[in-house]
Amino acid sequence: MSAIDTARTVGELVTERPARSRVFEEHGIDYCCGGGIPLEDACAEAGVEAERVLEALATAEGDSAGECDRNWAEAGSAELVEHILSAHHEFLRRELPRLDSLTEKVLDAHGENHPGLSDVRRTFLALRGELEMHMSKEEQVLFPAIVGRGESLPEGALDAPIRVMEHEHVSAGRALEALGELTDDYTPPEDACNTYRAMLDAIAELTRDLHRHIHEENNILFPRYAPGQG
């Protein structure tokens, strides 16, 4: 196994081996919206020693040597779009209504003792609205253009819509960061009921999936059609 060059960007490293995303998540390193900066700088921003992250990456890659983890950089655009739709968009369609119900129930039951839950609910509702509009634009405009015309698209034709998608990814990333802070990194309080714990687990899972989702678009799909973006 070759040593990892800390001058390489976080996005490149995850594109090469998607399983690395788990290590970056554990150390608070942004590999989706912030994936364009070198690993060394990303570690500094996250306040973690680069050597510690490199050791964790080496351990994780040794543990997952036999794991089937698709490298989507090797897939064609149509296949990658289908994966994003079937894996990530469908995940959001299942989980967003569920989290809507969970955040409402937990706020009703625990809001008096945990006033911060009102901010959790408010932040989630804003994120849900943004994500549903975002998916609609991708499914109705951007993805059909990519799949339908692909290589025949004029240079720069998708710069504007991709710029909008990336801006919305940044907004979603900020909302996820806020949810992590509001829930103390998804840590249940002593009086948390099972519904409370389920809500925290669902927020954590939403965060993990959306990080992969944004990474696959920002660092793999979009640069094929707007290489000057990012």
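Here are a few things to note about the model shown:
- Packing rank of 180-187, 16-23, where each peptide gets the mean count of other beta carbons within 10 Å, highest leading: 16-23, 180-187
- Taking Lys and Arg as +1 and Asp and Glu as -1, the other residues whose beta-carbon sits under 11 Å from that of Cys43 total -4.
- Seen from Arg8, the other residues with C-beta closer than 13 Å to its C-beta sum to a net charge of -3, counting Lys and Arg as +1 and Asp and Glu as -1.
- Taking a ≥ b ≥ c as the square roots of the eigenvalues of the Cα gyration tensor, the chain is oblate, since a/c reaches 1.5 or more and a/b is not larger than b/c.
- Relative contact order %, region 108-209, counting alpha carbon pairs below 8 Å whose residues are six or more apart: 31
- Percentage relative contact order, the chain, counting C-alpha pairs under 8 Å, at least six apart: 27
- Of the residues Leu125, His110, Tyr186, the one whose Cα sits farthest towards the positive end of the charge dipole of region 86-230 is Leu125 (charges of +1 on Lys and Arg Cβ, -1 on Asp and Glu Cβ, taken about the Cα centre).
- Cα gyration tensor category, rounded, prolate or oblate, for region 1-43 with a/c compared to 1.5: rounded
- Note on the chain: dipole from Cβ charges, positive end direction compared against Ile4, Gly34, Ala172; the farthest Cα belongs to Ala172.
- Think of it as helices only: each DSSP H run of n ≥ 4 in the chain is worth -39500 (n - 2.57), and spread over all residues that comes to -19500 deg cm²/dmol at 222 nm.
- Kyte-Doolittle mean at least -1.0, axial Cα span of 15 Å or more - DSSP H helices of the chain: 50-63, 90-110, 117-137, 159-182, 194-215
- By the Stokes-Einstein formula, at 1.567 mPa s and 4 °C, region 1-123 with its Kirkwood radius over alpha-carbon pairs has D equal to 76 µm²/s.
- Rounded to the nearest 20, the Cβ-based charge dipole of the chain about its Cα centre (Lys and Arg +1, Asp and Glu -1) stands at 640 debye.
- The residues packed around Thr123, meaning those with a beta-carbon under 13 Å from its beta-carbon, carry a net charge of -1 if Lys and Arg are +1 and Asp and Glu are -1.
- Probing with 1.4 Å while keeping every protein chain in the model, the per residue accessible area of the chain equals 51 Å².
The values are calculated or read from the model by the stated rules, or taken from the named source; none is laboratory data. For clarity, every value in this text was computed on a predicted model and none was experimentally measured. Every residue, glycine among them, receives a Cβ derived from its backbone with ideal geometry; neighbour counts consider all protein chains shown. Just the protein is used for accessible areas: all its heavy atoms, side chains included, with ligands, DNA and RNA removed. Shrake-Rupley method; radii C 1.70, N 1.55, O 1.52, S 1.80 Å.
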